[in-house]
Structures are given as C-alpha cells and as structure tokens.
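Student: Provided herewith is a single structure, encoded as structure tokens, for subsequent inquiry.
The values are calculated or read from the model by the stated rules, or taken from the named source; none is laboratory data. From a predicted model like this one, the values you see are computed outputs, not experimental measurements. Heads up, the Cβs are rebuilt from the backbone with ideal geometry, glycines too, and the neighbour counts pull from every protein chain shown.
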Amino acid sequence: MPAVSHTYPHSYYAATACDMPDLPSLDGDLTCDVCVIGGGLTGVSAALHLAELGYDVVLLEAEKIGWGASGRNGGQLGTGQRQDQDTLEKIYGRDIARTLWDFAEESVALCKDLIQKHAIQCDFKPGILHVCLKPEQVRADHAYINKLSTEYGCQDRRVLSREEICDRLGTTLYHGGSFDRSSGHLHPLNFNLGLAKAALAAGARLYEGVRVTAYSASAPSVVQTGCGNVTASYLVLACNGYLEKLERRVAGKIMPINNYVLATAPLSQDRQKSIIRDEVAVVDSKFVVDYYRFSPDRRLLFGGGETYSRHFPSDIKSFVRKYMLRVFPQLADVPIDHAWGGTLAITLNRIPHFGRLEPNVFYAQGYSGHGLAYTVFAGKLVAEALSGTAERFDVMADLNIPSFPGGTLLRWPGLVLGMVYYALRDRL
C-alpha cells in the first residue's frame, strides 16, 4: 500500500517533530474489532489502550497523525477541568464534582506514566504559573487554592504574591497568582506521535490520508472512505473540531473555534531568564487566555487570540505578536520565526462531551481548550467502556451538555456575540 503524501501545516512543532514511520493509506476493504476515526490524542490513546486489551484496532486519520489541534496546541498539560470546582459543584453536586476532579488528576498522571513507559521524547517539564490581571482575581485565586487544599486534598498548588510573580516573569502586568507543580508542559506533536508509535507496537493498524465519508448505524458498522471500507464491530468517533457533517446527532453539542501560537527566534540564555526565570509554563486569567512558555532551544512559544470563522487570519504572526507585546514589550526587536493556528471544539458549558450513539458507537469531544491531558484519559475511558467496564465512561456520558442554540446553522452568531462580550471584559 502506498504511503500517504499529506504533510503537516507549518508550525514550530512540525519543524521539530520526531521521526515517525511512514504510515500507509487504505487500499481496499478491511475487517477489524474496532475502527477509530481520528488520529489526534483521543484516537491514538483509544487505539493504544484497546490494542493492549487484545482488540484488533484500525485507526483512520484523514490527514497525518496529530495533524489537528492535538499536534498544534500550546503544550500545557494542566490539572483540573476547564471549569473550576465551585462551578462543577453548582452544576452537578459535590459527589460528581469530586469525581471529575479525580478524573482530571488521573489524566495528568496518565500522561506522565505513558511518557515514561514508552520513553516518549516530548520535552516534558513540570510546572505552570497561573497569573492574575486584576487584584480581585488574585483574591479569588488564593481562596480557590485554599479550597482545593482543604476540601480536595490538593497540596501541589501554592499562592504567589505580586512580588513573587514579578520575580519570576519579566513583566509587571500581573497582580499575583499561584503555582501548580503537578502540571507541566511538553511538545504536543511529539507526544501524539509517541503514543501512535506505542499503539503500533501494541498491534494497532494506523492509516493516514483516509477521509471517512459516512458510516452505517449498525452492528457491525461499515465505515466508508474513498479508498476502501472498514467493517468493525465497534466504532470510536475521535474527530472533535473536525467532526463536521460526519455525525449530525452530536455536531450541535460542539463549536469549532481557532486559536493561535507563535514561536520567536531563539533568545540568549540571559534574555530567556529575564522573561521566564524558571522552566515553567504560564497562563493568565483572561477569558480568552494568553499562555506561553519556552522551548528547549529558547524560543518563546506564545499563544493568544481566537477567531470564530472557518478561516485563519492572513497574517498570523502579526495577529499573535500584538498579544505577546502587551505582556513583553521588550521583545519588539525579536523576530517571529513561526506562527500557526489550530481548530479545537468547545461545548456551551465547557464540559467535555462523551457518549454512545449506538451500543457499538462511542464518541468523546468538546475539550474546550483544556484537552491535552483529558483527551488521553478519554481514550482510556472509551477502551474501558468498550471492553465492558463502563462505569467511569458513564459518569462522563451522563453529564448534561447543552446544545448550542440554533444547532450547527445558527450557533456562530451567538458564540461571536458572547466572545465579544467576554473580550471586552478582558480589556476593561
């Protein structure tokens, strides 16, 4: 079978990706136990965990493994859910909120374990600084850290004063914050590729350049592509922001949005230390967050800004650079070597959306910008449920995830109005 000719979109991650064995494109019909659609972190994690359980797994990726947001994101391996525990308690009650906290903690631990177990070269470093732009946010953040300590037994976060933040970062923009030593940051594409290699070693069959056009809601399911069909007893939809029209029954639960990152030219060691003193990542308190960290070759990787159309800005470098210079104006003389965007999926309440469409069709989506760890955990939960131990998957599947008003046709105007409102709050 011929190797796929697709290439990765331009990014710093693509330019520094580890070698990956050439993967074939589909050439004819196949039969398997499980067909996974999507080669991002959810898909490769599901393939890995299912193959380790003894299932015959076929994974179909329309482009390249890690081509989407899984291989283009900010690389921050954060703890917790996208919503804080206070919000989760109000929505779901204390018991479910506690379970969701435990799931999130396990997701980070799972990623660290997989990196070690499979010797994945993805530049993992521990630690994320959470920084606050307003004094009232500092008070709320410090109260929340105390809540996590006293009610959830979390001892890995500590509060930081304005002076301590200023000592660690080359900006006076922030009023304080906190440090999470249990979280971390990594090269997301290399992490995705490392998991794919592990799935191959476990016996999964991975194919690239295979776009799924439809599937039958039957058992077994017939997955249709332009280069052959796959007949599978079970099906896993791991498409997230690229689901589009493949499955209309859950498309209205998510909204694809675009986020952007740049990479500067390498800085001197002294200049790097003047921007971020330690080898940690940083995320701020805005609704549309700024997030940044350094690469091993001393490039500042800075993420900022979102768009809500199907198109990226014509000049991504300038689009993101303005956010970087608001934080670090002293970097105005530094060239930008790379800039790129990626499409992710959010839910209306920012809670991930899991479930079954048929007894043999599973899906997980809508990580809402907090998916680097949780996508990997999602793949594990899918494997558990498919193999007959569904209790933990069902906790996620039973969460009430509202649809976007107006479904897939009218969700865009409402989202844009909402985002404009929150962006205005950020500026004020």
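Student: Determine if the stretch 189-199 includes at least one residue that is hydrophobic (A, V, I, L, M, F, W, C), buried (at least 23 other Cβ atoms within 10 Å of the Cβ), under 18 Å from Val108 (Cβ atoms) and within 20 Å of the chain's Cα centre (by Cα).
Tutor: Yes, the conditions are met somewhere in the stretch 189-199.
Student: A follow-up question, please. Residues that are at pLDDT below 95: which strands (runs of 3 or more DSSP E) entirely in the stretch 273-330 hold 3 or more of them?
Tutor: Numbers: elements: 281-284, 291-294, 300-307.
So the answer is 300-307.
Student: I would also like to ask the following. Tell me which of these Val58 doesn't satisfy, since it passes every other one: (1) assigned to a loop (DSSP other than H, G, I, E, B); (2) closer than 28 Å to Leu246 by Cβ.
Tutor: Going through the list (1) assigned to a loop (DSSP other than H, G, I, E, B); (2) closer than 28 Å to Leu246 by Cβ, Val58 breaks only (1).
Student: So if I check each of Leu129, Leu100, which one is touching a helix residue (DSSP H, G or I) at 6+ places or on another chain (Cβ under 7 Å), at pLDDT 95 or above and not in a helix (DSSP H, G or I)?
Tutor: None of the other options fit; the residue is Leu129.
Student: What tally of residues in the stretch 296-306 results from selecting those that are under 16 Å from Lys286 (Cβ atoms) and not charged (D, E, K, R)? First the steps, then the outcome.
Tutor: Taking the stretch 296-306 and keeping what is under 16 Å from Lys286 (Cβ atoms), we get 302-306.
Checking the rest, the ones that are also not charged (D, E, K, R) come to 302-305.
Counting residues in the stretch 296-306 that are under 16 Å from Lys286 (Cβ atoms) and not charged (D, E, K, R) gives 4.
Student: Name the single residue, out of those in the stretch 220-251 being in contact (Cβ under 8 Å) with a residue 40 or more places away in the chain, in a loop (DSSP other than H, G, I, E, B) and touching a strand residue (DSSP E or B) at 6+ places or on another chain (Cβ under 7 Å), that is farthest from Arg310 (Cα to Cα).
Tutor: Pro220
Student: Can you tell me which of Arg98, Arg82 is basic (Lys, Arg), surrounded by fewer than 24 Cβ atoms within 10 Å (Cβ to Cβ), touching a residue at least 24 places away in the same chain (Cβ under 8 Å) and closer than 24 Å to Glu244 by Cα?
Tutor: Of Arg98, Arg82, the one residue that is basic (Lys, Arg), surrounded by fewer than 24 Cβ atoms within 10 Å (Cβ to Cβ), touching a residue at least 24 places away in the same chain (Cβ under 8 Å) and closer than 24 Å to Glu244 by Cα is Arg82.
Student: Related question: Under 6 Å by Cβ, and 6 or more places apart or on different chains, what pairs join a residue from the stretch 38-64 that is under 13 Å from Gly379 (Cα atoms) with one that is charged (D, E, K, R) and buried (at least 24 other Cβ atoms within 10 Å of the Cβ)?
Tutor: Hits for this filter: Gly39/Glu61.
Student: Condition first: in contact (Cβ under 8 Å) with a residue 60 or more places away in the chain, touching an Asp or Glu at 6+ places or on another chain (Cβ under 8 Å) and closer than 30 Å to Ala265 by Cβ. Can you find one or more residues in the stretch 372-385 that meet it?
Tutor: No, every residue in the stretch 372-385 fails to be in contact (Cβ under 8 Å) with a residue 60 or more places away in the chain, touching an Asp or Glu at 6+ places or on another chain (Cβ under 8 Å) and closer than 30 Å to Ala265 by Cβ.
Student: Among the residues of the stretch 331-354 satisfying the criterion of being surrounded by fewer than 23 Cβ atoms within 10 Å (Cβ to Cβ), of a type in the set (Val, Ile, Thr) and not in a strand (DSSP E or B), which is nearest to the chain's Cα centre (by Cα)?
Tutor: Result: Thr347.
Student: Okay, next question. Which condition from (1) more than 24 Å from Pro135 (Cα to Cα); (2) surrounded by fewer than 19 Cβ atoms within 10 Å (Cβ to Cβ); (3) of a type outside the set (Lys, Arg) is the one that Leu301 breaks?
Tutor: For Leu301, the failing item is (2).
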